[in-house]
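Before any comments, here is the structure.
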Amino acid sequence: MVETQKRVDVTRFHKFDELTEILTEFVDRFPKLVSLDSMGKSHEGRYIWVLSITNGETGPAGEKPTMYIDGNIHAGEVTGCNVALYTADMLLNGYGSDDT
């Protein structure tokens, strides 16, 4: 199991720069499980981030079951971002803590 003390604060909403920092910290803390790519830019010039979580040592991502979570598709719907961050945080910090 990967041990870490830092958890995402989902009790508040994060600005774009904070979100970017959280996502890059996931990559830094869990380099064997996380990749971060941009699928383009918004009309305001902000990157549209895609965070992928998989263990490459257990096979290619395309050959495994997939779950897609979308957050911040519309600017006024900010709770989706926290759902996505919470899920990523739980998956990464909990990785290796079960028997399967």
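Values quoted throughout were computed directly from the atomic coordinates according to the rules given, and no laboratory measurement underlies them. The model shown is predicted, which means the values in this text are computed figures rather than measured ones. Backbone-built Cβ (ideal geometry, glycine too); neighbour counts: all protein chains shown.
Give me the Å³ per residue figure for the convex hull around the C-alpha atoms of the chain.
Working: hull volume 11.3 nm³, N = 100.
Cα convex hull per residue, to the nearest whole number: 113 Å³.
Here the gap between MET67 and ASN55, fully extended at 0.36 nm per residue and compared with their Cα-Cα distance, gives a gain of 2.9 nm. The mean sequence separation of alpha-carbon pairs under 8 Å and at least six residues apart, normalised by the residue count of the chain, gives a relative contact order of 31 percent.
Here LYS6 is the anchor, and the lysines within straight C-alpha reach of less than 27 Å, apart from those fewer than 8 places off in the same chain, are LYS15, LYS32.
By counting other Cβ atoms within 10 Å of each Cβ, how are GLU21, GLU63 ranked from fewest to most? List each step's numbers first, then the result.
Details: GLU21 12, GLU63 7.
Listed from fewest to most nearby Cβ atoms, that is GLU63, GLU21.
Please report VAL10, VAL50 as a ranked list, fewest other C-beta atoms within 10 angstrom at the top and most at the bottom. Mind showing how you got there, number by number?
Numbers: VAL10 16, VAL50 12.
By the 10 Å Cβ count, ascending: VAL50, VAL10.
For PHE13, PHE30, the sequence from fewest to most other C-beta atoms within 10 Å is PHE13, PHE30. The sum of -39500 (n - 2.57) across all DSSP H runs of n ≥ 4, divided by the residue count of the chain, sets its helix-only mean residue ellipticity at 222 nm to -10000 deg cm²/dmol.
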